[in-house]
Amino acid sequence: ANAEVMVNASNFYQQNNPYSGHWKTPVPGGESGHSDFGPQLKSMNKQLFTIVAWDPRGYGHSIPPVRDFPPDFFERDAKDAVDLMQALKFNKFSLLGWSDGGITALIVAAKYPTLIHKLVVWGANSSITQEDLTLYNAIRDVSKWSESIRKPMEEMYGYEYFAKTCEAWVDGISQFAHNPDGNICRHLLPNIKCPTFIIHGEKDPLVPRFHPEYLHNSIQGSRLFLMPEGKHNLHLRFAEEFNKLVQDFLL
């Protein structure tokens, strides 16, 4: 079922399959629940899982408002995600978080531990380094992106909104570099108590391997799985393997 839900003075677009079972919400990495998690929405076992995919404010169908990046934008997304799930009457659920959505999911798991059953993150980091800033600034100008990656975003948002939002994201994520140790949510990682599965593509051009290793070393009892050929979008490129890994972990 697809629907808009009013939470925190914003309308959030969400879609979920109607089956009962283990509830989980994927947190997208900067597009929308449908575009970021198509193979998961299509192929994960709907007899076992109820999958709620949502568009954070300013992304996908959750526009307006225009996406912005105040200093607390990750914390804001985390609260939105929790409040949306509670508005939908899900009292406990698992989280799948990719990229920025992975950072959001880490914050949710740390700040709302009684609500989270299990956590899966990939393409995520808890701090910003100078190496990261170089990688981010290299993608600031969307006209330099490959057409295969750029075109779906242009079709969803229109070129102007997409280009402005990408530039604003680079500025927004870069502001964390001014924090001690480039901290985004490092200080929260010891508070994550739920079973946690960290997946990393060893060919990820945006997230160097030291980031998932830091998460693994900082989240007690967590598991780290490396995909040798995986890039940033490993859940799309290797959807069948990814879906099986995640389903096995969640059950």
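Under the condition of being under 16 Å from the mean Cα position of the chain (by Cα) and part of a helix (DSSP H, G or I), which residue from the range 229-238 is farthest from GLY38 (Cα to Cα)?
Taking the range 229-238 first, the residues under 16 Å from the mean Cα position of the chain (by Cα) are 231-236.
Checking which are part of a helix (DSSP H, G or I) leaves us with 234-236.
Details: LEU234: 13, HIS235: 10, LEU236: 8 Å.
Going through the qualifying residues, I end up with LEU234.
Does VAL52 count as open to solvent by 10 Å² or more (accessible area, probe 1.4 Å) and closer than 26 Å to GLU155 by Cβ? Spelling it out, it is not the case that VAL52 is open to solvent by 10 Å² or more (accessible area, probe 1.4 Å) and closer than 26 Å to GLU155 by Cβ. In the range 219-237, the residues that are touching a residue at least 24 places away in the same chain (Cβ under 8 Å) reach residues that are acidic (Asp, Glu) and open to solvent by 50 Å² or more (accessible area, probe 1.4 Å) with C-beta atoms within less than 6 angstrom, at least six apart or across chains, in these pairs: LEU226/GLU202; PRO228/GLU202.
Scanning the range 178-201 turns up one or more residues that are in a helix (DSSP H, G or I), modelled with pLDDT of 95 or more, of a type in the set (Lys, Arg) and under 17 Å from LEU106 (Cβ atoms).
Just to be sure before I move on: is ALA138 under 14 Å from PHE74 (Cα atoms) and aliphatic (A, V, I, L, M) in the structure I sent? Lay out the reasoning, then the answer.
Details: under 14 Å from PHE74 (Cα atoms): no; aliphatic (A, V, I, L, M): yes.
No.
In the range 165-187, which residues are over 17 Å from the mean Cα position of the chain (by Cα) and open to solvent by less than 20 Å² (accessible area, probe 1.4 Å)? Within the range 165-187, PHE176, GLY182 meet the criteria. Just for the range 209-251: of the residues that are closer than 25 Å to CYS185 by Cα and touching an Asp or Glu at 6+ places or on another chain (Cβ under 6 Å), which one is surrounded by the fewest Cβ atoms within 10 Å (Cβ to Cβ)? My answer is LEU226.
The values are calculated or read from the model by the stated rules, or taken from the named source; none is laboratory data. Model, not experiment: these values are computed from the prediction. Every residue, glycine among them, receives a Cβ derived from its backbone with ideal geometry; neighbour counts consider all protein chains shown. For accessibility, only protein heavy atoms count, side chains too; no ligands or nucleic acids. Shrake-Rupley method; radii C 1.70, N 1.55, O 1.52, S 1.80 Å.
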